[in-house]
Amino acid sequence: MTRSTCKVLYVSGEISPFVRVSSLADFMASFPQAMEDEGCEARIMMPKYGVINDRKFRLHDVLRLSDIKVPLKDKTDLLHVKVTALPSSKIQTYFLYNEKYFKRNGLFTDMAQGDNFKGSAERVIFFNIGILETLQRLGWKPDIIHFHDWYASLVPLLLKTVYADNAFFKGIKTVLTLHNVHSQGVFPVKPFKKLLPEAMIEGLHAEGDDAVNMLFTGIEHADRVATTSGRYAELISNDVDAAHGVDKILALRGNHLEGIINGLDTKQWNPSSDKLIKKKFDVERLEEKLENKKYLHQELKLSFDEDAPLIGAMVNFDRFQGIELVVDAIENLMQLDLRLVISGTGDKNIQNKLQDLATRYHGKLGLNFEFTDAFFHQIMASADMLLMPGKLESCGMMQFFAMRYGTLPIIYAGSGSAETIDEVDQQHDGSGFAFHEYTPEALTKTVEAALSIYGDKERWARLVTDSMEREMTWKDSAEKYNQIYRGLLERV
């Protein structure tokens, strides 16, 4: 497939470094470029939230993309588009904006409360219709619209109903990749009935009598559905607890859910050239990784001991990413010779509990509640191990970042992330550690085993070097997505 025959629009509600809530943002930071390298012509769209800094990311207005009409049921709102290039690439990224809908300093969900912001359903509807209206104004017709999680899940249904007779959209195929099936975009049905035509309402997936499930709607109407690892595909197809209802919708589709693991942009994540970390390093200069470790100890007021490993954990404070497991294990972990850094945002009760624990274990437990790209990179460069406690992780990206920076991940063996590491034990080298029972005791036991291996400096240096030199590019995964695109386009 040549560049001229495959045009793909990528749509997401979060893209790093512009805004980050989950590993989806990290995925979107590099995946479109991987597909460009594979021969596609890629462009990107996302909402222009109030939290996105125009000056920092060099967003600029484009005159011909101003005052785009977004037709709703009984009114028309205007859309304005700001443009920049995705960092580390030249891919055009379009930010869809309307002050009434997106001036608020937040996305669609209040992470601290776990509830949708007031008016989020209206924002979602405006964004989804705006995607298609912006394409028409651009005059750029993609072959594929590839959307991620629930944010643009109305697009396939819009193409089949409201825009079905519009010649511009004829032949466009849609692909949905599932990253976080627990996050489904469930909103009251009332705004949908108020703003969308009846033909659309009939195609929405109802959640009870008074709500709409965006993710289920997207799964039902997309031409193909994929997810980010084979293990996660199996989980959400067959495990009721893991699926959050997705298994039933997938069964109704009756076709295969393909699991394609994530990859790594080795230019963006490169410790030898990373400008965001204190000291650049590589396998020939691992002493500089130690300097990064010392630096983070100083920044977080931890007591430094070269023989005590530094374990990092970057998790959302919610019930999905495993922070509760970590909190339950902290008392036992603090009895071990280690330092632990936890970074995240969300539930204020969890944050308060962590602050109490950090006071009790001053010098051993460090906290960071403000996400920045600089801290994200620095913890990868500074830590010896990265704790990824999510029980139902689809694949994620952090283990790739960690291994690239010589930081060995600790993951749950039942998660999709386990597909991406080779487990280390007393007899076998590998690239990470895994706990096989989802309990604080099993987690603590695995950390103890990792500490034992860390004490063997010669072996640990070998593990670090092997992890940093591990092949983790997007190439194989990009080829598999390209096969999906090709299969859809050959059916046109």
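The values are calculated or read from the model by the stated rules, or taken from the named source; none is laboratory data. Every value quoted in this text rests on a predicted model; they were computed, and no experiment measured them. Note that we place each Cβ from the backbone using ideal geometry, even for glycine, and neighbour counts take in every protein chain shown.
Picking from residues in segment 87-113 that are modelled with pLDDT of 90 or more and touching a helix residue (DSSP H, G or I) at 6+ places or on another chain (Cβ under 7 Å), the one that is surrounded by the fewest Cβ atoms within 10 Å (Cβ to Cβ) is I91. Mind listing whichever residues of segment 51-78 are out of contact with any Leu (no Cβ under 9 Å at 6 or more places or on another chain) and surrounded by 15 or more Cβ atoms within 10 Å (Cβ to Cβ)? Matches in segment 51-78: F57, L59, D77.
For (1) assigned to a helix (DSSP H, G or I); (2) hydroxyl-bearing (S, T, Y); (3) touching a helix residue (DSSP H, G or I) at 6+ places or on another chain (Cβ under 7 Å), each residue gets a yes or a no:
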position	(1), (2), (3)
I277	no, no, yes
E291	yes, no, no
K301	no, no, no
D307	no, no, no
G312	no, no, yes
L325	yes, no, yes
N349	yes, no, no
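Only one of the numbered conditions (1) at pLDDT below 95; (2) not in a helix (DSSP H, G or I) is violated by S417, and that is (2).
Scanning segment 373-414 for residues that are part of a loop (DSSP other than H, G, I, E, B), over 19 Å from I261 (Cα atoms) and not β-branched (V, I, T) turns up A383, D384, Y405, G406. For segment 351-366, residues that are assigned to a loop (DSSP other than H, G, I, E, B), of a type in the set (D, E, K, R) and surrounded by fewer than 18 Cβ atoms within 10 Å (Cβ to Cβ) total 0. When segment 424-462 is limited to residues that are in contact with a strand residue (DSSP E or B) (Cβ under 6 Å, 6 or more places away or on another chain), in a helix (DSSP H, G or I) and in contact (Cβ under 8 Å) with a residue 24 or more places away in the chain, the one that is nearest to L338 (Cα to Cα) turns out to be A450. Within segment 24-58, the set of residues being over 18 Å from A478 (Cα atoms) and touching an Asp or Glu at 6+ places or on another chain (Cβ under 8 Å) comprises M46 only. Looking at this structure, is F192 in a strand (DSSP E or B), on the phi < 0 side of the Ramachandran plot and surrounded by 16 or more Cβ atoms within 10 Å (Cβ to Cβ)? For F192, the condition - in a strand (DSSP E or B), on the phi < 0 side of the Ramachandran plot and surrounded by 16 or more Cβ atoms within 10 Å (Cβ to Cβ) - is not met.
Cβ separations smaller than 6 Å between residues 6+ apart or across chains give the following pairs from segment 327-342 residues that are within 20 Å of H297 (Cβ to Cβ) to residues that are assigned to a loop (DSSP other than H, G, I, E, B) and hydroxyl-bearing (S, T, Y): M334/Y361. Is one or more of the residues making up segment 251-258 out of contact with any Ser or Thr (no Cβ under 9 Å at 6 or more places or on another chain), at pLDDT below 90, part of a helix (DSSP H, G or I) and on the phi < 0 side of the Ramachandran plot? Yes, the conditions are met somewhere in segment 251-258. Scanning segment 71-97 for residues that are within 23 Å of the chain's Cα centre (by Cα) and of a type in the set (S, T, N, Q) yields T84, S88, S89, Q92, T93. Taking the conditions (1) assigned by TED's automatic domain parsing to the domain that holds P17; (2) modelled with pLDDT of 95 or more; (3) not polar (S, T, N, Q) in turn, K293 satisfies each one other than (1). Taken over segment 256-267, residues that are surrounded by fewer than 20 Cβ atoms within 10 Å (Cβ to Cβ) and of a type in the set (S, T, N, Q) amount to 1. Return the total of residues in segment 206-226 being assigned to a loop (DSSP other than H, G, I, E, B) and over 11 Å from S153 (Cβ atoms). The qualifying residues number 5.
Flag set for G218, criterion: modelled with pLDDT of 95 or more, of a type in the set (G, A, S) and crowded, with 21+ Cβ neighbours inside 10 Å. Checking every residue in segment 259-275 against the condition of being small (G, A, S), outside any loop (DSSP other than H, G, I, E, B) and within 21 Å of the chain's Cα centre (by Cα) gives at least one match. Within segment 281-299, the only residue that satisfies the criterion of being crowded, with 20+ Cβ neighbours inside 10 Å and over 19 Å from W269 (Cα atoms) is H297. Within segment 314-323, the residues that satisfy the criterion of being outside any helix (DSSP H, G or I) and touching a helix residue (DSSP H, G or I) at 6+ places or on another chain (Cβ under 8 Å) are M314, V315, N316, F317.
When A233, A199 are checked against the criterion of being assigned by TED's automatic domain parsing to the domain that holds S183, among the small types (G, A, S), surrounded by fewer than 21 Cβ atoms within 10 Å (Cβ to Cβ) and part of a helix (DSSP H, G or I), A199 stands alone in meeting it.
Every residue, every condition in (1) of a type in the set (S, T, N, Q); (2) in contact with a Gly (Cβ under 9 Å, 6 or more places away or on another chain), yes or no:
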position	(1), (2)
H436	no, yes
P440	no, no
V447	no, no
L451	no, no
R459	no, no
R462	no, no
S467	yes, yes
E471	no, no
A478	no, yes
